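Undergrad: Please read through the structure below; I'll follow up with questions.
Bear in mind these aren't lab numbers, they're just calculated from the coordinates by the rules spelled out. Remember, predicted model here, so these are calculated numbers, not experimental data. Because the Cβ atoms are built from the backbone with ideal geometry, glycine has one as well, and the counts that use them run over all protein chains shown.
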Amino acid sequence: MASHEVQSIQDEALAEIRRAEDTAALAAVSRAYLGKEGRVGELLASIPKAPPEERRGIGQAANQLKRAIEAALDERRAELEAAALEAERVGDGFDPTLPAAPVRRGSLHPITQVTRELEDIFTSMGYRILDGPDVELEAYNFEALNIPADHPAREMYDTFWCSSASAPDRENAPERLLMRTHTSPVQIRALERIEPPFRAIAPGRCFRNETVDASHEHTFHQMEGLVVGEGITVGHLI
């Protein structure tokens, strides 16, 4: 294919691009020239049929043609989009002073709201907020709280016991794991690491091996407090 033929295709394409009055018409021009069966595609498909000494030149011309058409399409598309935006801005019914549509935002879960309110109340009285692991050691969950080995709460049907890759048999594990059944293990951990006197609360999730129904749930939330110091009596709770 001679160079003047390639130039002719380019001139035709650029003329059609300039005549496009909307993005739909521009898309049609793009398909006609750059589509799978477009004019540029036909030019590239003709390369194997051309004499060997002409193939390189045809390939270079086709690539230059493609880049020129793509650049003209991008430029015209930007012009059409800008014109459409301007027409919308100055058209009837457009008021730039109107407020934007409100952005819908999520809200805090009721449990989160109540927990934060209680935390605010207790921190205002000098309490610190403690946290502990959901997956707890048996020693912290039961033994350190004087819950004996034969207590019903330690049975499979009341507690979610855990196995691990290192100890798949929970009965023979050196340190058995479970989903904590209350937040009281946090008290034990606090007594181990915090120097008295102190005041603290421990909010958090707890887990029981319950059948879920209208009055039972396997996951619930609990908050308990701990005060350690000289002269503290039950009277301080009243």
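Undergrad: In what order do Leu145, Leu65 fall by count of nearby beta-carbon atoms within 10 Å, going from fewest to most? Can you show the working numbers first?
TA: Numbers: Leu145 13, Leu65 21.
Placing the least packed residue first, the sequence is Leu145, Leu65.
Undergrad: So, with +1 on the Cβ of K and R and -1 on the Cβ of D and E, and no other charges, what is the size of the charge dipole of segment 1-49 about its Cα centre, to the nearest 20 debye?
TA: Working: 6 positive and 8 negative charges, 34 e Å.
That gives segment 1-49 a dipole magnitude of about 160 debye.
Undergrad: Counting Lys and Arg as +1 and Asp and Glu as -1, what is the net charge of the other residues whose Cβ lies under 14 Å from the Cβ of Gln113? Present the calculation step by step, with values, prior to reporting the outcome.
TA: Numbers: positive: Arg116; negative: Glu117, Glu119, Asp120.
Residues near Gln113 contribute -2 overall.
Undergrad: Next question. Can you give the angle from 0 to 90° between the axis of helix 23-34 and the longest principal axis of the chain, with both taken from C-alpha atoms, to the nearest 10?
TA: Approximately 70 degrees, to the nearest ten.
Undergrad: Let me ask you something else. Pick out, from Pro133, Phe198, Ala20, the residue whose Cα sits farthest towards the positive end of the charge dipole of the chain, with +1 on the Cβ of Lys and Arg and -1 on the Cβ of Asp and Glu.
TA: Of the candidates, Ala20 comes out farthest on the positive side.
Undergrad: If Lys and Arg each add +1 and Asp and Glu each add -1, what is the summed charge of the other residues whose beta carbon sits under 13 Å from the beta carbon of Ala190? Walk me through the numbers before you get to the answer.
TA: Details: positive: Arg128, Arg189, Arg193, Arg199; negative: Asp131, Glu192, Glu195, Glu224.
Within the 13 Å Cβ shell, the charges total 0.
Undergrad: Considering only C-alpha atoms, what is the centroid distance from segment 53-74 to segment 179-207, in Å?
TA: Here the answer is 73 Å between Cα centres.
Undergrad: Let me ask something else. Rank by packing, highest mean first: peptides 121-127, 132-138, 192-198, with packing defined as the count of other Cβ atoms within 10 Å averaged across residues.
TA: Numbers: 121-127: 12.0, 132-138: 17.0, 192-198: 10.3.
By packing density, highest mean first, the sequence is 132-138, 121-127, 192-198.
Undergrad: With the dipole of the chain worked out from charges on the C-beta (+1 for Lys and Arg, -1 for Asp and Glu) around the Cα centre, which of Gln60, Tyr33, Val228 lies farthest toward the positive end?
TA: Towards the positive end, the residue furthest out is Gln60.
Undergrad: Could you work out how far the C-alpha centroid of segment 117-135 sits from that of segment 1-49, in angstrom?
TA: 71 Å
Undergrad: Please state the charge dipole magnitude for the chain, taken about the Cα centre, from unit charges on C-beta atoms (+1 on K and R, -1 on D and E), reported in debye and rounded to the nearest 20. Walk me through the numbers before you get to the answer.
TA: Values: 26 positive and 40 negative charges, 121 e Å.
Magnitude of the dipole: close to 580 debye.
Undergrad: Label the chain by shape, choosing from rounded, prolate and oblate, from the square roots a ≥ b ≥ c of the eigenvalues of the Cα gyration tensor; if a/c is under 1.5 it is rounded, and otherwise prolate applies when a/b is larger than b/c, oblate when it is not. Kindly include the intermediate steps, with their values, before the conclusion.
TA: Details: a/c = 4.64, a/b = 2.54, b/c = 1.83.
Prolate, because a/c is 1.5 or more and a/b exceeds b/c.
Undergrad: With Cβ to Cβ distances under 9 Å as the rule, what net charge do the other residues near Tyr127 carry (K, R +1; D, E -1)? Show your work: numbers first, answer last.
TA: Working: positive: Arg128, Arg199; negative: Glu119.
So the environment of Tyr127 carries a net charge of +1.
Undergrad: Right, another one. Along the charge dipole of the chain, Cβ charges K/R +1 and D/E -1, which of Ile147, Leu177, Val90 sits furthest on the positive end?
TA: So the residue we want is Val90.
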